Amino acid sequence: MSIQKRSSWTMLLLIVAVSTAGILATWWQDRDITRLIDNHALQSLQSIQHFAEDSKRRELELKSAILASNPGFVGYVSQAMSVGAETGGVVDAASIRDLLEARRDQYNFDVAAVLDPRGKTVVMLGEALRSQQDFSLTPLMAKVRASSQPAIDLLSEKGNLVLVSLSPMLRGDTIEALLLTGVAIDQKFVTPLAAAGRVDLALIGLNRVGNTVVFSTLGNEDNAAILEAVQAEPALAPAVPDATATNAVEPSRDFNIQLQAGKTRASITALFDSPSSGLLLSIVPVEQRIVSTGAIRTPMLIAGVGVLIILLGVWWLVQGRFVSPLSHLVDMSDRVLHGDIQVVARDTGSGDISKIAAAFNQALAGLRGYKEVIEKREKEKTR
């Protein structure tokens, strides 16, 4: 194989190797950068979620504390409850209902209820928790009994998620009744979070009957995929205190999810420190992922084409300035070895190759002159 062919194959293999390495590096960097972008979007949403949950929790706690400690409200409810004791167990629920309805409208509660000291419902306003009339065995009631202080928790009831506060209404040291207030965690809570974090969100309600998509910014067509992905993931552990912070750190888990629009990255986070009641599923929009990937690949592709052009230019320069003249000299040498001393090497190339060509031509010129002298002597001898 000639030098020119060997050099061409060598350069071709070099270009293929560099191109393959570039493709692998581009794929690897694309994957890593895309994952970094996804993680940043999901982590940013978790920060926004924590802030929104803290604000919602504090607002509910403050409103409930104000109402539960209002002497007029507590006295009115206590009087209506005592009427029941005096009349053989029939509580004046109508009076409580009227007063509670007014306070519910005033404080914008989605759910408001008055419970007796044992936790049985006396009056319930709002449809979200209508089916639950006995709170005596709930963890929320256990917290209130243990501390005689208000407690807050997230409840999941028949496709509804409600953030509930349970406050004892005291007269002195006696619990006259319990005030239950709540706000629905639904589209109004999720939509601003999705807009702020620029991700898709899905609210998942958990209960014994089965998990439910309470609301999703993706629409109903991906509900089955969402529930399947949530069910496939291990259950989240309860929140644990962080030694470096004053608040609790909510557990979360990242994973891939296959939607109708394509595959993307998602993260599960417990809602209001209640992983057994509700989850928030954060999903990087497939369209956003495609745009991000394109933004990464385009400059890498341009850089790769640029490197390929440079390699081809180097190959052309090496071929024209070094390999081709050297291959020509090898061909001329081969012809001389076969007896053709009339050849003339092209004085091309540069540096040492040009000097070699000149020396080659000079040696051939001397050889031709020596041959002519010998032939001339032979002719003279034959005369």
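The values are calculated or read from the model by the stated rules, or taken from the named source; none is laboratory data. Computed from a prediction, not measured in an experiment: that's the story for all the values here. FYI the Cβ positions are ideal-geometry reconstructions off the backbone, even for glycines, and counts take in every protein chain you see. The area values use the complete protein model at the heavy-atom level, side chains included, leaving out ligands, DNA and RNA. Shrake-Rupley method; radii C 1.70, N 1.55, O 1.52, S 1.80 Å.
In nm, what is the difference between 0.36 nm times the number of residues separating Arg208 and Asp331 and their Cα-Cα distance? Don't skip to the answer; put the middle values down first.
Details: separation 123, 0.36 × 123 = 44.28 nm, distance 8.76 nm.
Length gained between Arg208 and Asp331: 35.5 nm.
Using r as the Cβ-Cβ distance of Glu228 and Val318, and R0 as 56 Å, what FRET efficiency do you calculate, to the nearest 0.05? Please list the in-between numbers first.
Numbers: r = 58 Å, r/R0 = 1.04.
With a Förster radius of 56 Å, E is 0.45.
In nm, to one decimal, how far is the modelled label at Gln260 from the one at Asp173, with both set 7 Å along Cα→Cβ?
My value for the distance between the label points is 6.3 nm.
When the chain is fully extended, how far beyond the present Cα-Cα distance does Gln106 get from Arg368, taking 0.36 nm per residue of separation? Please report the intermediate quantities before stating the final value.
Numbers: separation 262, 0.36 × 262 = 94.32 nm, distance 11.81 nm.
Working it through step by step, the gained length comes to 82.5 nm.
Just tell me which lysines come within less than 22 Å, Cα to Cα, of Lys188; anything on the same chain fewer than 8 places away is out.
Excluding near neighbours in sequence, the set is Lys56, Lys63, Lys158.
For Phe215, what residues show an amide H to amide H distance below 5 Å, using hydrogens built from the backbone and excluding near sequence neighbours?
The answer is Leu203.
Normalised radius of gyration for the range 64-211, please: alpha carbon Rg relative to 2.2 N^0.38 Å, two decimal places.
Working: Rg = 16.5 Å, N = 148, 2.2 N^0.38 = 14.7 Å.
That ratio works out to 1.12.
Accessible area per residue of the range 88-144 at 1.4 Å probe, in Å²?
Numbers: 2740 Å² over 57 residues.
With the other protein chains kept in place, the range 88-144 gives 48 Å² per residue.
At a Förster radius of 35 Å, what calculated FRET efficiency corresponds to the Cβ-Cβ distance of Ser276 and His40, to the nearest 0.05? It would help to have the intermediate numbers written out before the result.
On the way: r = 29 Å, r/R0 = 0.83.
About 0.75, to the nearest 0.05.
HN-Hα J couplings of the range 43-56 from phi, Karplus 6.51/-1.76/1.60, θ = phi - 60°, integer Hz, Gly and Pro as x?
5, 5, 5, 5, 5, 5, 4, 4, 5, 5, 5, 4, 5, 5
Order Asp54, Asp222 by their accessible area, 1.4 angstrom probe, all chains in place, largest first.
Details: Asp54 50, Asp222 10 Å².
Putting Asp54, Asp222 in descending order of accessible area: Asp54, Asp222.
Accessible surface of His338 in the full protein assembly, 1.4 angstrom probe, to the nearest 10 Å²?
150
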